[in-house]
1. Please state, as a whole number in µm²/s, the translational diffusion coefficient that the Stokes-Einstein equation yields for segment A:181-220 at 10 °C and 1.306 mPa s, with Rh defined as the Kirkwood radius across alpha carbon pairs.
2. Return the distance in nm (one decimal) between the two label points of a simple spin-label model at A:ALA110 and A:GLU18, each offset 7 Å from Cα along Cα→Cβ.
3. Using amide H atoms built 1.01 Å from N in the peptide plane, name the residues 5+ places from B:TYR99, or on other chains, whose amide H lies under 5 Å from its own.
4. On C-alpha positions alone, give me the angle between the axis of helix B:16-25 and the longest principal axis of chain B, in degrees, nearest 10.
5. If amide H atoms are built 1.01 Å from N in the plane of the peptide, which residues on other chains or at least 5 residues away come under 5 Å of the amide H of B:HIS108?
6. Which one of B:ASN95, B:PRO77, B:GLY55 has its Cα pushed farthest toward the positive end of the charge dipole of segment B:2-144, where Lys and Arg give +1 and Asp and Glu give -1 at the Cβ?
7. Just from its helices, what would the mean residue ellipticity at 222 nm be for chain B, if runs of 4 or more DSSP H residues each count -39500 (n - 2.57) and the sum is divided by every residue, rounded to the nearest 500 deg cm²/dmol?
8. For chain B, what relative contact order do you get, as a whole percent, if you take Cα pairs closer than 8 Å and at least 6 residues apart?
Number of protein chains: 2
Amino acid sequence: MKYELLQLPLFEGVDEQEMERLFDEIIFQTKSFGTGSLVVSQGEECNRLMILTEGVVKGEMVGADGRSLKIEDLQAPTVLAPAFIFGKRNHYPVNIISYEEAKFVVIHKAELMKLFLSNATVLQNFLGMISSRAQFLSEKLRFHSFKSLKAKLAFYLLDEAGGRTQFKLKYSQNELAELFGVARPSVGRAFMQLQSEGVIDVRYRQVQIIDSSKLSEAYSE
Amino acid sequence: MKYELLQLPLFEGVDEQEMERLFDEIIFQTKSFGTGSLVVSQGEECNRLMILTEGVVKGEMVGADGRSLKIEDLQAPTVLAPAFIFGKRNHYPVNIISYEEAKFVVIHKAELMKLFLSNATVLQNFLGMISSRAQFLSEKLRFHSFKSLKAKLAFYLLDEAGGRTQFKLKYSQNELAELFGVARPSVGRAFMQLQSEGVIDVRYRQVQIIDSSKLSEAYSE
DNA sequence: ATTCAAATGTAACAAATGTGACAACTTATT
DNA sequence: AATAAGTTGTCACATTTGTTACATTTGAAT
């Protein structure tokens, strides 16, 4: 068990001996969920750190109108909503749903605090994780502030390409529509626009970037 | 100086004697900015905690197209971007611009870490602040995921009213448009829609809520 | 290879929002 | 009270996105 935990980003840089000591001191549980389970529901109180040790889950935000906006996929090993534990109104901002069997290590807030005071490395790791989360959220915000759908798609494609000129889309247009918060045919249209402008070539999930500088320019349109 | 710092949320619950001890240990600077200064620019590295001790500033996110989306106003005493210091890609997500003369206490990352390890209360305060920030960001995200402008406005008005049935708007339509990320006439239209539906009564900045249950329903439209 | 469910391309039309403009009104200043 | 600067109401029109629908293509299962 402790060897498994050593793999977690939270305990990076902590040696085996120190881990033994830490986990003698603190209390924690393990939990499992089946495929398609609602692991955490939006609004639920968040007073325990949930560490995903196995499986893949997704986070989605339910809007006031009942539509859901997919925020991200989370793969083990990772941690759920680390930035929400120590707030005053500490409620989960999203639903967490498992794609497959998922296992968690659960540590209560008070125990986590003990960990921090007992080991500076763990504290530093945790602070780093929270920072990354906040950055992720503000990237999302900027993304949603892009003017047009075409701009969002261009940004997404360049990010997804990661330097390659040819790649397969990870998500269907349906999923992209959810991710962007728009209707599905609009996504298709945006693809077609970029194609008709000679910026990309799309055929189903296969994408080829023809003019990556034009694709960057499309951010601002 | 130390008495001033005692007022800050970061040092809440720390007694005077302990403060003396802490500030003998760590290094910090003070900084001032005039009216309308660019205190921090988006993308700048964030390796110091900037504590606003006096004045009012605003945070705005510059989109790829050059348009800016106002994120929030910050009043002293508060802290800038606490969640961004400990990340790996630690860059400010926004421009910070002073509305008036603003004073800061600046503490470098390494010194801050010393503080945390030296005093659990300060650590807890800081964690709480980060959590609140993350929650704020994710509220913003949900807000932008609202379907229509009318829904955004309805949400905003109910929040702003805070139980009252009559109040004056804090922001002009121009500012609201910036806040919502839409064009100014659209804001006016949304007001007029709500008025023509008998939900509110608006005359310039004076707003009266006529039917608050209808206003809540408007979230989902 | 065949079959079937899901994903995609695409169209027509409706609705929402952006743009640019201008007059009417408020507010602060003198 | 007069003035000027900024804000708001409002319009016409362009553009974007949503909605619904359906035919086609793909990919997985048999």
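The values are calculated or read from the model by the stated rules, or taken from the named source; none is laboratory data. This is a predicted model, so every value here is computed, not measured. Using ideal geometry, Cβ is built from the backbone for each residue, glycine included, and neighbour counts are taken over all protein chains shown. Ligands, DNA and RNA are excluded from the accessible area calculation, which covers all protein heavy atoms including side chains. Shrake-Rupley method; radii C 1.70, N 1.55, O 1.52, S 1.80 Å.
1. Numbers: Rh = 10.5 Å.
Estimated diffusion coefficient is 151 µm²/s.
2. 2.6
3. Those qualifying (amide H under 5 Å, at least 5 residues apart or on another chain) are B:GLY36, B:VAL56, B:VAL57, B:LYS58.
4. The angle comes out at about 70 degrees.
5. Those lying under 5 Å, H to H, from B:HIS108 are B:LEU49.
6. Of the options given, the answer is B:ASN95.
7. Working: 8 runs with 91 residues, N = 221.
For chain B, the value works out to -12500 deg cm²/dmol.
8. 20
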